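Written below as structure tokens is the structure these notes are about.
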Amino acid sequence: MKSLTTNELRRKYLEFFQKMGHRLFSSDTLVPDDPTVLFTSAGMNQFKPYFLGEKKDTKRAVSCQKCFRTGDLDEVGNTPFHHTFFEMLGNFSFGDYFKKEAIAFAWEFLTKELGMKEDSLWVSVYKDDKEAYDIWLKDVGISKERIIKLGEKDNFWPANAPALGPNGPCGPCSEIFFDRGTEQGCKKEDCSLACGCERFVEVWNLVFTQFNRVGENELKPLPQKNIDTGMGLERMAAVLQGKYSNFEIDILTPVVAKVRKILKVNGADNLINAIVDHTRAAVFAINDGVYPSNEERGYVIRKVIRKAAYSAHLLGRKEAFSHQLVDDFAQLMQDPYPELKEKASIIAKVIKAEEEKFLSTLQDGEAQFSVIAENLKKDDTVSAEDLFKLYDTYGFPLELSKELAKKYNLTLDESGFDRLLKQQQQRSRKKSQFSESVFVVDCESEKAIKEKITEFVGYDTFTCKSAIVLLRQDDQNVKQLKEEDKGMIILQSTPFYAESGGQLSDQGVIKGASGEFVVECVVKMGEAIIHVGKVTQGQINSGEEVEVRVRDSRRRALARAHTATHIMQAALRVILGSHVVQQGSLVDEDRLRFDFTHFQALTKDELKKIEHLVNEYVLDGMQVSKRLMTLDEAKKEGALAFFKDKYQDTVRMVSVGEVSCELCGGTHIDNSSEIGLFLVESESSISSGVRRIEAVVGKKAYNLLTQIKEGINVSAAMLKCDYSDLPGAIDNLRQDIKKKSDTINSLKKNQALGQVDDILKHKKDVCTVPTLIYRMDGAEKEDLLCVCDALRKKGTLFIFMVASTNGKNTFLCTATEDLIKKKVSCKKFVTKHGEALTLKGGGRDHLVGGVVGCMGDDFLIKVDKEIKEFLKICA
């Protein structure tokens, strides 16, 4: 058996199948063009159109696919082979070769190319698949003792499909196992694949998609039989390198060693391996444009980064560190993924920011647990709901709750927590794991629409003559739409641009011989362009010749905004850096919204420079070219491409002079000067590490500038100065107002302090604690602070004061230092009793302030009651 590096194994596999007539496909992004899954979780994901017969230009394919699976997160690190991120080698046949050839290819690669001994390989087949059994036995020549028949749970795809479904394409599979020897696993003399011990390592799965399930145990032959195989790269590398665990192979073991060195830990393999795996997964996901957030993919990435950080926390690490591993992964994986080196710096910043945020939330979680604990008695149980809230909201692991429960002599409802966690995981698996219903055929009506093909001619013209291919109303095909009827029209050809890539669709009219249809929006389904709207006069008939016209004012406004979006991204990369990557966009009429990666708010100076640079590009009058070319040619020219977009072999490249070069199917102007004017309206944060800029161009920018100018002129007139002197005049006015405000506040402060002795008369003992509850309407927060400071100097006191001023209800809770030492904490009081009193605020043990949501006439009575309960526990 040859000992190969992981890179050599990957290269050898791809080259072997290319020699066998397979077309090489690059790895798809981890973000699939498939709503049924969150991440690319198998090699076959990108080939779905071929399996479904929608694409037919390739019969044989081979790839090494980046994969991301979350269904077994808790297993990662605890087993030798589980990963969140891994690479899957696969060869595929779409109606070409079948079982005999697939098995022969696999056997030749393993025994000839890799030099594996034949007697070290075992196979399993589906119990009813006599054809595959005979091929292994008679054609390949494996002894029958090393061929094991298993049921539909183990050797059918999807698992248990005949009995349990889902309906759709399915088939038996045959798995190949490497025998690590009799000294491994259970060590029993009769050990075989059926044993399930660790002696046998599954290295390759051959799926024979030959049936269409139409009902329980009702399988009908498919007209096109397909082959889908998968070999885990890391697992096969471990076998070839003679390693027990994937984490010992050449592309992972250096990182494992570095983690041990940083953490100064020996042993703890499970935690160390989890840190390495989760960090690698985050690195590749971020590289493909998925950033930590609270939604879908971003939430998963946030979770794996935090799991890695928590594993390190358990090993005593209190500071962020896994970002230090990014350069190592970039170096080890640079052969197949050179882009990692280019983005290593930004990836590290993302991971570090998320780590630090999590370590901060750990402190918040500990504080929340202490509040929960103090509301319980000794030996009470922390509820499943509280545990799950700590886990889900604060990122507080169950393991840490267990540690704190010991401190407070509490038990945990772990079974209830597990139930809630499983419910969440089931929801996650439906989207993030490999969907077994990925091949389920669309409903008939949707399929009928997708089969239509509309030629798009809108890049060159706003009008054309066409014919109606299909009319639909209320999800039904119809022959005619009458006046006021709403419906959908599919044409043979159209100049209407369908909403795509963030750009809103065109609007306009479709005119027939006896009617007019106003197009309100346009969408695309498959290759069909669907015009949605209503008949405003007469009638529209299926099959008739029509005149189609796009509303040119909207098209030009959309084109101005779209080209401006490209130019703005170029300016952002100049001013902020090349780490700026598009995360989303909206292109409207003379208005744009652009989301991009950046890790802090933009300064006024940065926004000024960006706006200035974009307007320079506009005034330069640069040509906007649009060219069709191959994807490889576009990449060589430096075109930007984005993870959310999928590209065919032939792509459209939009260039603005030498400034911007992007792959884009949208509509654009011909010269940058047509944008007219560019103005930034706002800049904000939408999630961790992602910023948003909103801007206007063209007519909307001119209108905004006009409004600003009018506002300046009105303000100058009010202050009786020239507009150029306005800043000085405003500053003089501000200083004058401040002087008068300071005088008023000083008078109010003195007035408030004059009431201290009278207020102190309301002091009373509550559970032996001197307590003051008082309402001081008309006082500002600063007045309350001043009075409370004066009262605290009068001796031991727990104070709760409220004021209603100008419709705002304010509260202040404070205590003297001697009470703080006796654990009478204002922060704990507000945390435990704030909900009952509708308090919202924050602070420390000695002082908490904020607002009161609802303050009726009996509010002070309620406060008195809650303070009694609180001080009773403290006393």
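The values are calculated or read from the model by the stated rules, or taken from the named source; none is laboratory data. These numbers come from a predicted model, not from an experiment. Cβ: placed from backbone, ideal geometry, glycine included. Neighbour counts: every protein chain shown. The area values use the complete protein model at the heavy-atom level, side chains included, leaving out ligands, DNA and RNA. Shrake-Rupley method; radii C 1.70, N 1.55, O 1.52, S 1.80 Å.
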Accessible heavy-atom area order of TYR299, TYR13, highest first, probe of 1.4 Å: TYR299, TYR13
Relative contact order (%) - the chain, alpha-carbon pairs under 8 angstrom, separation at least six: 7
Average silhouette area of the range 525-665, convex hull of alpha-carbon atoms, in square nanometres: 11.7
For the range 1-32 and the range 595-634, distance of Cα centres in Å: 37
Relative contact order computed over the range 634-737 (Cα-Cα under 8 Å; 6+ residues apart), in percent: 14
Ratio Rg/Rh [Cα only; Rh per Kirkwood] for the range 477-585: 1.14
Coarse-grained scattering of the range 607-720 at q = 0.19, 0.22 Å⁻¹, given as base-10 log I(q)/I(0) from a Debye sum over alpha-carbon atoms: -1.13, -1.24
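Past the 31 Å Cα-Cα mark, which pairs from LYS153/LYS243; LYS793/LYS828; LYS422/LYS827; LYS12/LYS303; LYS740/LYS808; LYS609/LYS781?
Checking Cα-Cα distances, LYS422/LYS827; LYS12/LYS303; LYS609/LYS781 exceed 31 Å.
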Lys/Arg +1, Asp/Glu -1 at C-beta; the range 514-593 dipole; positive extreme among ALA528, SER514, GLN539: ALA528
Order by protection proxy (mean Cβ within 10 Å, highest first), peptides 304-314, 625-635: 304-314, 625-635
Area accessible to solvent at SER143, 1.4 Å probe radius, in Å²: 40
Most positive-pole-ward Cα, PHE594, GLY171, THR838, against dipole of the chain from beta carbon charges: THR838
Average silhouette area of the range 176-221, convex hull of alpha-carbon atoms, in square nanometres: 4.6
Dipole magnitude of the range 536-615, debye to nearest 20 (Cβ charges: Lys/Arg +1, Asp/Glu -1, about Cα centre): 320
Computed [θ] at 222 nm, deg cm²/dmol, the chain (DSSP H ≥ 4; -39,500 (n - 2.57); rounded to nearest 500): -12000 deg cm²/dmol
Kirkwood-type radius of the range 176-326, with distances r between different C-alpha atoms, in Å: 18.8
List ILE529, ILE873, ILE575, ordered by accessible area with a 1.4 Å probe, largest first: ILE873, ILE575, ILE529
Burial order of peptide ranges 795-803, 332-340 (average beta-carbon count within 10 Å, highest first): 795-803, 332-340
Inter-label distance for LEU164 and GLU296, nm, one decimal - labels placed 7 Å from Cα along Cα-to-Cβ: 2.7
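At most 15 other Cβ atoms within 10 Å and a DSSP loop assignment: could you name the trypsin sites (Lys or Arg not before Pro) in the range 643-720 that fit?
In loop regions of the range 643-720 (DSSP not H, G, I, E or B), the sparsely surrounded trypsin sites (Lys or Arg not before Pro) are LYS646, LYS720.
Using the Cα atoms as the points, what is the convex hull volume per residue of the range 115-216 in Å³? Walk me through the intermediate numbers first.
On the way: hull volume 10.4 nm³, N = 102.
Spread over its residues, the Cα hull of the range 115-216 gives 102 Å³ apiece.
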For the chain, the Rg and Dmax computed from alpha carbons only, in angstrom: 34.1, 105
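Size of the dipole of the range 253-307 about the Cα centre, Lys and Arg at +1 and Asp and Glu at -1 on the beta carbon, nothing else charged, in debye to 20?
Rounded to the nearest 20 debye, it is 300 debye.
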Nearest-10 value in Å² for the accessible area of TYR459, using the 1.4 Å probe: 100
Derived scalar couplings ³J(HN,Hα) [the range 159-172; Karplus, 6.51 cos²θ - 1.76 cosθ + 1.60; whole Hz; x for Gly, Pro]: 4, 6, 4, x, 8, 9, x, x, 5, x, x, 7, x, x
Dipole moment magnitude, nearest 20 debye, the chain about Cα centre, only Lys, Arg, Asp, Glu C-beta charged: 1960
Net charge, ALA513 excluded, C-beta distance under 11 Å - Lys, Arg +1, Asp, Glu -1: -3
Kirkwood hydrodynamic radius of the range 1-89, Cα pairs, Å: 14.7
Average projected area [Cα convex hull, the range 822-875], square nanometres: 3.5
Cut-off 9 Å between beta-carbons: net charge of the residues surrounding ARG199, Lys and Arg +1, Asp and Glu -1: -1
Whole-angstrom Cα spans of the range 516-574 along principal axes, big to small: 54, 27, 17
Where only C-alpha atoms are counted, convex hull volume of the range 204-254 per residue in Å³: 109
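Over 18 Å, how big is the tail of the calculated P(r) for the range 559-614, in percent of all Cα pairs? It would help to have the intermediate numbers written out before the result.
Values: 442 of 1540 pairs.
The answer is 29 percent, as a whole percent.
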